[in-house]
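Engineer: Below are the structure tokens for one structure; questions will follow.
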Amino acid sequence: MKRLTSLVFSPTGGTQKVTDILAEELMVELMNHEGLQIVETAYLNLCDRLIDFSMTELTEHDICLISVPSYGGRVPTTAVERLSQIKGNGAQAILVAVYGNRAFEDTLVELEDVANEAGFKPVAAVAAIAEHSVVRDFAAGRPNGFDRRQLTTFAKKIAARLALLKANPSENKLDLKLPGNRPYKEFKGAPTYGVPDDTCVNCGICAAQCPVGAIDEKDPSKVDESLCIACKRCTVVCPTNSRALKPEVLEASRKFLSQHIKEDKINELF
Ligand SMILES: Cc1cc2nc3c(=O)[nH]c(=O)nc-3n(C[C@H](O)[C@H](O)[C@H](O)COP(=O)(O)O)c2cc1C
């Protein structure tokens, strides 16, 4: 009997969608595997800056989905910091990197290192596509029905892998052979965030929901650029749709992505 714990950093919801599909399908698949049935699910929101992550301790009876978006081909620094505080204690981990159809580059190898360092045992990894959170017409609507079918197939294979590891615990030291390089590529992102227009009602939701507390609670037009991680959560949580990227920032990103995204990528299982 197992607990399935999702540890998710998903500022704009795409990583969450992929994780929810994998978790749902894994639960169904594991129902048929003796001793691996999920009796409990748990969720840890890595975007919540009020959580003391050092208080989170997993056990070897946990199966975890550790899910992050790819930022410039890397794991977002905030996710690295928060995951590093958690005690994995031998919990099996399925690593999930979600990206906006350009490339995930070193995200999975970095996530593997962070998970190992925190005491998790990575047993599988998934690279999946979701809507691009900077320019939303790239990979628009993904994960879609086709992605769901692919992720379902992955869940079946991961369940079979977990069953094999249960039967042969000596094989627990796996080499996942993930794509990516060490040292990782340098992250070259800039603090680009949604700027509020005159429809902003000062409700404070963007400030409260910012994963790093970069937005001033009294005056949401003030953003501490030294803290901002460019995640775009402020643009999606705003109930009046008042926050948007500056047009010139959006256009520059669109131009860059148009040059680098030529076809629809497919999800991958490792
Ligand atoms: C700062 C930043 C950097 C990003 N870098 C990449 C990238 O290198 N490759 C890519 O394909 N998508 C990139 N994306 C898109 C996200 O990885 C993708 O939209 C992901 O689904 C966002 O996750 P979320 O919806 O859970 O926030 C980036 C997005 C942001 C905000």
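Engineer: Residues ARG148, ARG102, ARG142: which one is modelled with pLDDT of 95 or more, within 16 Å of the ligand (Cβ to nearest atom), closer than 22 Å to MET31 by Cα and outside any strand (DSSP E or B)?
Structural biologist: Values: ARG102 fails: closer than 22 Å to MET31 by Cα; ARG142 fails: closer than 22 Å to MET31 by Cα.
The unique qualifying residue is ARG148.
Engineer: Turning to a different aspect of this structure: Would you confirm whether any residue within region 5-19 is away from the ligand (no atom under 16 Å from the Cβ) and surrounded by 18 or more Cβ atoms within 10 Å (Cβ to Cβ)?
Structural biologist: As a first pass, look at region 5-19 and keep what is away from the ligand (no atom under 16 Å from the Cβ): 5.
Restricting the remaining residues to those that are surrounded by 18 or more Cβ atoms within 10 Å (Cβ to Cβ) gives 5.
Looking for residues that are away from the ligand (no atom under 16 Å from the Cβ) and surrounded by 18 or more Cβ atoms within 10 Å (Cβ to Cβ), one finds at least one in region 5-19, hence yes.
Engineer: Check off (1) assigned by TED's automatic domain parsing to the domain that holds HIS61; (2) at pLDDT below 95 for LYS188 and give me the number that stays unchecked.
Structural biologist: Just one mismatch for LYS188, condition (1).
Engineer: Going by the conditions given, is ILE129 modelled with pLDDT of 95 or more and farther than 15 Å from ILE66 by Cβ?
Structural biologist: Details: modelled with pLDDT of 95 or more: yes; farther than 15 Å from ILE66 by Cβ: yes.
So ILE129 fits the description; yes.
Engineer: Another question about this same structure. If you scan region 209-238, which residues turn out to be among the β-branched types (Val, Ile, Thr), within 15 Å of the ligand (Cβ to nearest atom) and either in the same structural domain as ARG74 (by TED's automatic domain parsing) or under 14 Å from PRO196 (Cα atoms) (or both)? First the steps, then the outcome.
Structural biologist: Here is the first cut: in region 209-238, the ones among the β-branched types (Val, Ile, Thr) are 212, 215, 223, 229, 235-237.
Imposing the further condition that a residue be within 15 Å of the ligand (Cβ to nearest atom) reduces the set to 212, 223, 229, 235-237.
If the condition is that a residue be among the β-branched types (Val, Ile, Thr), within 15 Å of the ligand (Cβ to nearest atom) and either in the same structural domain as ARG74 (by TED's automatic domain parsing) or under 14 Å from PRO196 (Cα atoms) (or both), then VAL223, THR235, VAL236, VAL237 are the ones that fit.
Engineer: Which condition breaks for CYS47 when tested against (1) crowded, with 19+ Cβ neighbours inside 10 Å; (2) free of Cβ contacts under 8 Å to residues at least 60 places away in the same chain; (3) hydrophobic (A, V, I, L, M, F, W, C)?
Structural biologist: Only one criterion is unmet by CYS47, namely (2).
Engineer: Report yes if some residue within region 108-119 is within 16 Å of the ligand (Cβ to nearest atom), crowded, with 16+ Cβ neighbours inside 10 Å, over 20 Å from LYS17 (Cβ atoms) and not basic (Lys, Arg); otherwise report no. Write out each step before concluding.
Structural biologist: From region 108-119, those within 16 Å of the ligand (Cβ to nearest atom) are 108-111; that's our starting set.
If we keep only those that are crowded, with 16+ Cβ neighbours inside 10 Å too, we end up with 108-111.
When the remaining residues are screened for being over 20 Å from LYS17 (Cβ atoms), the result is 109-110.
Pick out the ones that are also not basic (Lys, Arg) and you get 109-110.
Yes: one or more hits.
Engineer: Could you tell me whether any residue of region 10-21 is of a type outside the set (S, T, N, Q), over 30 Å from PHE146 (Cβ atoms) and touching a residue at least 40 places away in the same chain (Cβ under 8 Å)? Working first, answer last.
Structural biologist: Filtering region 10-21 down to residues of a type outside the set (S, T, N, Q) leaves 11, 13-14, 17-18, 20-21.
If we keep only those that are over 30 Å from PHE146 (Cβ atoms) as well, we get none.
Checked region 10-21: no residue is of a type outside the set (S, T, N, Q), over 30 Å from PHE146 (Cβ atoms) and touching a residue at least 40 places away in the same chain (Cβ under 8 Å).
Engineer: Those residues that are assigned to a loop (DSSP other than H, G, I, E, B) and crowded, with 17+ Cβ neighbours inside 10 Å, I need them from region 226-270; list them, please. Before you say what the answer is, go through the steps one by one.
Structural biologist: Going through region 226-270, the residues assigned to a loop (DSSP other than H, G, I, E, B) turn out to be 226-232, 238-242, 245-246, 261-267, 270.
Listed by number, the residues that qualify are CYS228, ILE229, ALA230, CYS231, LYS232, CYS238, SER242, LEU245, ILE261, LYS265, ASN267.
Engineer: For ALA97, are the conditions met, namely being within 16 Å of the ligand (Cβ to nearest atom) and not in a loop (DSSP other than H, G, I, E, B)?
Structural biologist: Details: within 16 Å of the ligand (Cβ to nearest atom): yes; not in a loop (DSSP other than H, G, I, E, B): yes.
Judged against the criteria, ALA97 is a match.
Engineer: In this structure, does THR199 turn out to be touching a Leu at 6+ places or on another chain (Cβ under 9 Å) and among the β-branched types (Val, Ile, Thr)? Explain how you work it out, then say what you get.
Structural biologist: On the way: touching a Leu at 6+ places or on another chain (Cβ under 9 Å): no; among the β-branched types (Val, Ile, Thr): yes.
When the stated conditions are applied, THR199 does not pass them.
For (1) charged (D, E, K, R); (2) more than 16 Å from the ligand (Cβ to nearest atom); (3) without any contact (Cβ under 8 Å) to a residue 24 or more places away in the chain, each residue gets a yes or a no:
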| residue | (1), (2), (3) |
| --- | --- |
| LYS156 | yes, yes, no |
| LEU162 | no, yes, no |
| ASP175 | yes, yes, yes |
| ASP197 | yes, yes, no |
| THR240 | no, yes, no |
| VAL249 | no, no, no |
| ALA252 | no, no, yes |
| ILE261 | no, no, no |
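Engineer: Still on this structure, I have one more. Do we have PHE154 as part of a helix (DSSP H, G or I), crowded, with 22+ Cβ neighbours inside 10 Å and modelled with pLDDT of 95 or more here? Even if it seems obvious, please write down each step before you answer.
Structural biologist: Values: part of a helix (DSSP H, G or I): yes; crowded, with 22+ Cβ neighbours inside 10 Å: yes; modelled with pLDDT of 95 or more: yes.
For PHE154, the condition - part of a helix (DSSP H, G or I), crowded, with 22+ Cβ neighbours inside 10 Å and modelled with pLDDT of 95 or more - is met.
Engineer: Then there is this: Residue by residue through region 28-83, note down the ones that are assigned to a loop (DSSP other than H, G, I, E, B), within 13 Å of the ligand (Cβ to nearest atom) and touching a Cys at 6+ places or on another chain (Cβ under 9 Å).
Structural biologist: As a first pass, look at region 28-83 and keep what is assigned to a loop (DSSP other than H, G, I, E, B): 31-37, 46-52, 56, 58-61, 70, 72-73, 75-76.
Filter again for within 13 Å of the ligand (Cβ to nearest atom), leaving 46-47, 70, 72-73, 75-76.
Within region 28-83, CYS47, PRO76 meet the criteria.
Engineer: Right, something else. Exactly one condition in (1) within 12 Å of the ligand (Cβ to nearest atom); (2) of a type in the set (A, V, I, L, M); (3) more than 17 Å from PRO11 (Cβ to Cβ) is not met by ALA128; state its number.
Structural biologist: (3) is the only condition that ALA128 fails.
The values are calculated or read from the model by the stated rules, or taken from the named source; none is laboratory data. Computed from a prediction, not measured in an experiment: that's the story for all the values here. Positions of Cβ are backbone-derived with ideal geometry, glycine not excepted, and every protein chain shown enters the neighbour counts.
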